[in-house]
Structures are given as structure tokens and as C-alpha cells.
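Have a look at the structure below before the remarks.
Values quoted throughout were computed directly from the atomic coordinates according to the rules given, and no laboratory measurement underlies them. Remember, it's a predicted structure, so these values are computed and weren't measured experimentally. We place every Cβ from the backbone using ideal geometry, glycine too, and count neighbours over all the protein chains shown.
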Ligand SMILES: Nc1ncnc2c1ncn2[C@@H]1O[C@H](COP(=O)(O)OP(=O)(O)O)[C@@H](O)[C@H]1O
Ligand SMILES: CC(C)(COP(=O)(O)O)[C@@H](O)C(=O)NCCC(=O)O
């Protein structure tokens, strides 16, 4: 891990390259950049802080309008006071541009000010339902994102996915924006390469509840790989270089299949609710397992254990019961396993077919869901006889949108040749992680599910209280802290009670200990202050 939780505010630039001044404005300045974990439900992927980014150069947005979801990437400049401003070499040109924008009523946050240029801001990743395209339009309008460029005519926005074609007229009519259509596969690959190269901890494996980050930013090691994008449907793309790829396969059994069938069978409409439901389910109530067929035994000759799924939903026919007799949670889990396993298997077969060793899974279907990732990982491990591991991406759903965003500004300092052509793209700097919660780590590994938003933090604490609160902190990894404050003892107990492997070596690391204590203090002041030993069972 490149940064400890306690190291917030001390960004480093492992790439080490200085910022490059580029008057043409075609640079995405990654120097000193860092990524944050999700803090907002509306932002399903970590935002990216770009402290040195010239806000004026990057005032554009990009869209990926898929069969189910609209993904939007946009940059929000920091308020001027957050970052010192620097003299700009092209200040007078900008000043003129700003003057004309002010005349057009462009929001002040997008302006360069006087003879200085505002730096610093954040890349955001948000999503909307494609069937509610007006939500996306309203969001863009409310934030004034369609006016950032301040052009007097129609603003042009890079857009990919089928909806870039389907909804082009609506965007023009309602926002006065022209969608510039970019090829979906090309954007997927471009965005994926960007995340893999720029973010140290973008790719990870997830097996047996353990997340292990996989370094991907050493160029020599990255290609070839298979990108399996699980959106509404599934695309499998062989990637052999920066812009070299071939879509080698696909499947109509994808995220839309899961959502559609789950809706029909459980009446749930909300995707997150479907996933939540699956966590409480038992798929063996509907799936026929090898053990059901083999009298509880493994079929070891062909490597199948008794609890391997022999036939998804295969048990239902002999039960001859109405749908209302089934627990929606069991159905949801069986569906999740069925779709995920099938995709994992297809991915493996394609990797073999093209002699590829690395498989990355993207697309919003994955949604960081542990069962989905476990199932895909199992399929890849099983079929590859342990030789391969599935890899997942933290910006899983935003590959295409990021790729479209990068069509405006490449990821590199352009460094034009004398002929004006751009040099081959490579990443100048890498992002530093700033985990503020979730993604706890031990020995270079992040273990257990990441706790990613405020709701989860709160329920984390509630879970602690529900489990009896403080008992005695004389056991578990935090035992040595037993003599500390009530909150310290709470933390020691919490580490013990709640998925011990999630917290790893917390009690052995002072910074981490202080960090988690601070989180606890911030999140539960009332519990900390009002809990008497009797109330919490001491
Ligand atoms: N909030 C959500 N609403 C609907 N579907 C979601 C949501 N989150 C994840 N999904 C899943 O993600 C799939 C869409 O993934 P995505 O990569 O956005 O594909 P597309 O580009 O086809 O819209 C859906 O079919 C569903 O399985
Ligand atoms: C047509 C699509 C590329 C559209 O992308 P999506 O909106 O699903 O992300 C995708 O749904 C797909 O690859 N479907 C599978 C088609 C097939 O190869 O059978």
C-alpha cells in the first residue's frame, strides 16, 4: 500500500515527474493526484483529486450511455481559496476568454481569475438510469456542466455507448449539447488502460473474502489481457496495446439478465436491493448441487465437490411448488451465481483461445459485490486449475466514460513532435491512495469487504452495539489496549467482534490505531459519551 490512513494530506508522486506546462491545454495533470474511496451513494466509484490540474483546461464532461445506466465523468474545480493560484504563462489569453464567459453567465467556479489561473479539483464519477435520461440532463444543467466551455454555439460532449446515438436529439434539444459519438469498445479499452496504469491500487483479486491488489502499472507486464465488461450484456475484448484491441466474444447473458430475471421472480426493482437480498440467501434451496445427485458425495474423479452447483435452478422442477413458496433471497443468490459463473467460464475459454493469462472484469454488474466476485473468481480458478485469477477494477463501471473523457485530453503530457503529432501515450504520474475508511490492510493486502460509505460506517457501529457492545477487551488483537479509554476499549472489542480479518494488524500499528479511533470518535460521539459500562455490558 502506498499510503497509510494516517497519511492523508501528504500526497506523493511516485511517478516523480514535474508538472508540464502546456499552453495548448491538452494535458490531464496527474501530478500529486490521489484517489478517495466512495463517500457518496451517488458516486459509485472513488473520485480522483487532481491538485495541480489547471481547472480551465479540463472543463469538459464525458458520457457513457449504456443499455441500463448513464455514466458521467466530470471535473469540479476546487473553490479558489482551497489552493494557491499560480501565475499562468497564458494569462492574458485566458483573461480574455474569462471575460467572454462572464458575459455569457458561466458559473464563477469555472473561471480563471484575473491574471492567475485556478488549480486543483476533482474528477467525479456519477451514474443515472438510462430510462431516466432526464435525471442526467437535470444534473448536468443544475451543475452548469454543459456550459463549462463557454462556447457561444452548441457545446460538444464526448459520448459513448448505444445511448449516445439513441439520445442525441434529447441532449441537443434540452441542453443545447452536441454528443460526439465515440466507439464503445475503443473507449472501454482506453479507460481501462488509463485506470490500470495510473492508479496503483485499481486492480485486485477477491478470493475467500480477501482482497489483494495487483500492480498493473508496469507497462511491460500489462499486455495482453482480456477485458470482460459486464454491463447489460457482456463484451470480451482482447487488449494487446495502448489502442490495440479486438472484441473477440460476448454474451447476452449479462447484468441485464440478472436484473430482469430477478425482477420477474422476486418483484424487486432496485439493483442494490437485489444484491442485498442475495447476501441473505441460500442458493442450494433452488440449485441442484453435485451432492444432491451423488447422494451427498463429491464427484472427485472430475474434481467436483458435493457443494458445486450441478444445475442452476435444477432443484425447482422436482419441488413442484408455487413461486410464492420460495424465499426471494434464495432466488436472488442463485441468479447471481448462475450469471456470474457462466461469465467466468466464458471468460476463461476465451483467454485460453487467445493464449491470454490475465483477465480483468469491469462493468456495473459487478458492483463490488462479494458473491459476484467470489463466483467469477471460483470459475476462473477452477477451470484454469489454479493457474489464473480473476481481477476486478475499482472504477469497474466507468471504463467507457473515462475513455470518452480522455478523448478530449490524453492521459499524457502531449510533447508534440516537430510535425505536430503526439508522442505515444504513457502515464506521467500515479495516483496516491487516501483511504479514509474501509479497505483496511495488513501486510500489503486489503482484507474483507471495504466499508465504503457513511451508512455502512454507521451500521458497522450499530452492529457492534447490537452484538452486546463492550464485553471485556481482554481478548483479541486489541487486548493490549484494554486499559485505555472507553472508546479505545470499544475499538479493541470492535476489531474482535466484527469480521476479525477485516481489521488485520490494526492493534500493532500506532497510526492505524489512532486512525480507527478517530473514525470511531467521529462516527459515534453519542455512543462514546453516553455509554456507561452497565449499558454496554461491562
Ligand atoms: N443502480 C443500478 N441500477 C441498475 N442496474 C445496475 C445498478 N447498479 C448495477 N447495475 C447492474 O449493472 C448493469 C449495467 O451495467 P453497465 O456497465 O452500466 O452497463 P450498460 O452500459 O449496459 O448500462 C445492469 O444490468 C445491472 O445488472
Ligand atoms: C451490445 C453491447 C456491446 C452494448 O453494451 P452494454 O450497453 O451492454 O454495456 C453489449 O450488450 C454486448 O456486447 N452484448 C452481447 C452481444 C453478444 O455478443 O452476444
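A few remarks follow.
- Relative contact order for region 145-204, counting Cα pairs under 8 Å that sit 6 or more residues apart, in percent: 30 percent
- Burial ranking of peptide ranges 394-403, 253-262, 228-237 (average Cβ count within 10 Å, highest at the top): 394-403, 228-237, 253-262
- Neighbour counts of C-beta atoms inside 10 Å place 187, 192 in the sequence 187, 192, starting with the fewest.
- When 60, 165 are arranged by Cβ crowding within 10 Å, least crowded first, meaning fewest neighbours, the order is 165, 60.
- With 0.36 nm allotted per residue and the present C-alpha distance subtracted, the residue 325-residue 207 stretch has 39.2 nm of extension available.
- Relative contact order for region 238-374: 28 percent, from Cα pairs under 8 Å spaced at least 6 residues apart, divided by residue count.
- Cβ crowding within 10 Å, taken as a proxy for footprinting-reagent exposure, orders 374, 202 from fewest neighbours to most as 374, 202.
- Region 153-268: relative contact order in percent, alpha carbon pairs under 8 Å with at least 6 residues between: 16 percent
- The gain in end-to-end length when the residue 273 to residue 357 segment is fully stretched comes to 26.8 nm, 0.36 nm per residue minus the alpha carbon separation.
- Among 285-292, 298-305, the order from most to least packed when residues are scored by Cβ within 10 Å on average: 285-292, 298-305
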